[in-house]
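The values are calculated or read from the model by the stated rules, or taken from the named source; none is laboratory data. All figures in this text were calculated on a predicted structure; none of them were measured in a lab. For neighbour counting, all protein chains shown are included, and Cβ atoms are generated from backbone atoms with ideal geometry for every residue, glycine included. SASA here: full protein model, heavy atoms, side chains in, ligands and nucleic acids out. Shrake-Rupley method; radii C 1.70, N 1.55, O 1.52, S 1.80 Å.
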Amino acid sequence: MEEKEEQLFYNPTEAEVDARKRVYNDFSVMRDIRNQRYKYFNDRTLKEFIDDSELRLSNYVPTRASQGKEEWQANFSHPVTSNKMHAILAGVALDVPDTRITAKNEGSIKSAQRAYVMKNLVKHSYDKDNKEEQIYNEAFECAAKGTVIVADVYVKQKAKRKEVTKFDPITGVIEFEEEEVITKDEINNFIIPLENFYVWNMYIPTIQDQPKVIWAEQMGKEEFKAQFNNFPNYKFVKKAPKILNKELESRYFFEGWASRVKGYGSVEVVKFYDRFKDNHVILANGVVLFDGPILLGKKKKWYPFAKTIHAMFSVDFFYGNSLPNKLMGEQDVTNSLYNMAIDKTYKSMVPSLLIGNTNKDDFDLEDPYISLDTKIYVQDINQVKEMPTSGISNADVKIMDMVSRGMDLTSVDANQQGVAGRGVTAREIVIANENARKLKGVFYMFLTALWIQKMKLRIMNILTFYTDLEVKNQLNEQANDKDNKLDTFKKFMVENADLGDGTKGTLGIKIVGSPEELPTQEELDSNSKKISKETKENYKEIAITSDYLDNWEYDVKVVSESIFQKESSLSQAKMEGKLQIMGQAFPEYFQQNKEKIFKQFMIAYDDDPDEYDTTPPPPLPAPGASPESPGQPQQQGAQTLNNPTAPKEPIQTGA
């Protein structure tokens, strides 16, 4: 196969030559814009800004020689930036935000049914994803680099797979059948490295408002083949060594391209988007693989990218500020102070000696052999004494504490990082959390914006790809190509869905081509009962036409506060303080409302109060009295327990 590819020569059409020239010209302009130095980056390029932020976050320490330090001096980086970032992420990035979807048409008339269907299709599209890990990674990338860009794209791949039909483990003889199958058919959500993304204007902050954007990446041979092997021009794409050694004249902007290609066998894939011209071009090592309109959206076109920032440089700048860059000043001072303090401590523990010239030769001779039990003989003991060296003073501790407080104001304090200290009362926790929440709230606002963008892109992908016909192979008796392919619509099974009647179960969404093909309600109910009986789970089936969701606008909102991590420790501290005060100041009300207070207490500790029996126990009998005195009615509990014929509560089972 490789030899066959070697013989192929790419002869682009005039339209492909024009597209290639236009895209590489724009790519050159965007790279020049991206590689400039900007005042917001402290006169650094974007790459230098990102490198510096990541070095600080990973506690990178330059060598002693590069800093002019001696070998005995301390050389470490305090992990305060990393600690504070993880504390912030723990407060905003551990819970998946709840979202609400509404559907309305051009006349602003809402459709609850369409919103219900779209909500469940979105849920189905995320079923294979680890959303908790996803949101944490996005928040980490955003805080570490200042900006995060997320792609939401539909991926469908085919590949040949071998299905084992027979295997003998004794002889190792194996038989298999090979066929081409769909290996991936889903909407993927992933982070794009900032180094691989290029914008047309650095002073347009919204990604969807950019006139042009480019996503460029280096792909390995197998990865490239899996994604593009069915494209018509795939066979013309040469790998790096073939391009570098010949056919130089067939490459446009070769010099720039050659400097970007990393390693042999790699392919540079450039994905170009122009929203004004509604143009999307994919280039692979100079070969035009695709040239057409932008896929997402109809009247309004959407780039398949979402973007947010950690902190704002300016309202008109595309990139945001990173947490390591925000803490840069305090971090550098903290490192210097801690290293100086350790140096002072070491010098005070191993002080230098003041030696008179009379003893100079004696100490020079003994110095290489000094140990704890070495005896050193000197001419004049009065000419030997320790140099006065002070250790760490209170002033040193105060200045370090002042710098730490400055970092707390920029991020979160020790209590929010999980460090036990003085602020452990309920009121102190409330005040500290309110201050930290203000700082986290800004980050939460940006993360909320990212989720809304991602949900809108997911809806666009669903409208574009989920309701399309798919081709399936259907073998006939003659096994020929005629009638060997069947066009059909997809059916989606949404697990743990709200079925609309207060219960949860599996929701089946069936898509058909026209209203005439819609099944009747009786058919849907019959099929639902049949599947429920077979699976022994709640199941409901609905059917829609392929254009049912089209021409409606879908709005996404994130439920307030849902993205914050639940602060159970704060609730517990407040509850304990409440119990203490009520028990001391209002004991009579405490006794009267013990059941209600008990339920609140269990809820504060994330427990279910209904699992506990709160029925007051029967009063104890008087001393000397029998358990059942004559004339005294028997307790109802004993009646039910001892009488096997007593009526029992019915047990309700799900269908």
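Exactly one condition in (1) in a helix (DSSP H, G or I); (2) open to solvent by 60 Å² or more (accessible area, probe 1.4 Å); (3) more than 20 Å from ILE542 (Cα to Cα) is not met by SER108; state its number. It is condition (1) that SER108 fails.
Scanning the stretch 498-519 for residues that are over 30 Å from the mean Cα position of the chain (by Cα) and open to solvent by less than 70 Å² (accessible area, probe 1.4 Å) returns GLY500, THR503, ILE511, VAL512, GLY513, SER514, LEU518, PRO519. Does LEU365 satisfy being in a strand (DSSP E or B), more than 21 Å from MET30 (Cα to Cα), at pLDDT below 90 and open to solvent by 40 Å² or more (accessible area, probe 1.4 Å)? Taking the combined requirement at face value, the residue does not satisfy it.
When the residues of the stretch 192-211 are filtered to those that are assigned to a helix (DSSP H, G or I) and over 18 Å from ASN321 (Cβ atoms), the one that is least open to solvent (accessible area, probe 1.4 Å) is GLN208. Within the stretch 203-231, residues that are within 17 Å of ALA151 (Cβ to Cβ) reach partners that are in a loop (DSSP other than H, G, I, E, B) and of a type in the set (A, V, I, L, M) with beta carbons closer than 6 Å, at six or more positions or on different chains, in the pairs GLN210/ILE204. ALA15 satisfies every condition listed in (1) touching a residue at least 24 places away in the same chain (Cβ under 8 Å); (2) surrounded by 11 or more Cβ atoms within 10 Å (Cβ to Cβ); (3) in contact with an Asp or Glu (Cβ under 9 Å, 6 or more places away or on another chain) except (2).
The residues of the stretch 175-191 that are open to solvent by less than 60 Å² (accessible area, probe 1.4 Å) and at pLDDT 85 or above, listed by number, are GLU186, ILE187, ASN188, ASN189, ILE191. Does ASN59 meet the test of being open to solvent by 40 Å² or more (accessible area, probe 1.4 Å) and touching a His at 6+ places or on another chain (Cβ under 9 Å)? Here the answer is yes, as ASN59 does meet what is asked. Could you check how many residues of the stretch 135-174 are surrounded by 12 or more Cβ atoms within 10 Å (Cβ to Cβ), farther than 28 Å from PHE465 by Cβ and of a type in the set (Lys, Arg)? Final tally of qualifying residues: 1. Whether a residue is open to solvent by less than 70 Å² (accessible area, probe 1.4 Å) and modelled with pLDDT under 85 was assessed, and SER571 passes this test. When GLU54, GLU132 are screened for being modelled with pLDDT under 85 and open to solvent by 20 Å² or more (accessible area, probe 1.4 Å), only GLU132 passes.
For the stretch 185-202, a tally of residues being over 30 Å from PHE489 (Cβ atoms), touching a residue at least 60 places away in the same chain (Cβ under 8 Å) and of a type outside the set (Phe, Trp, Tyr) returns 6.
Selection of the stretch 127-174 for residues being closer than 25 Å to PHE492 by Cα, assigned to a loop (DSSP other than H, G, I, E, B) and either aliphatic (A, V, I, L, M) or in contact (Cβ under 8 Å) with a residue 24 or more places away in the chain (or both) yields ASP127, LYS128, ASP129.
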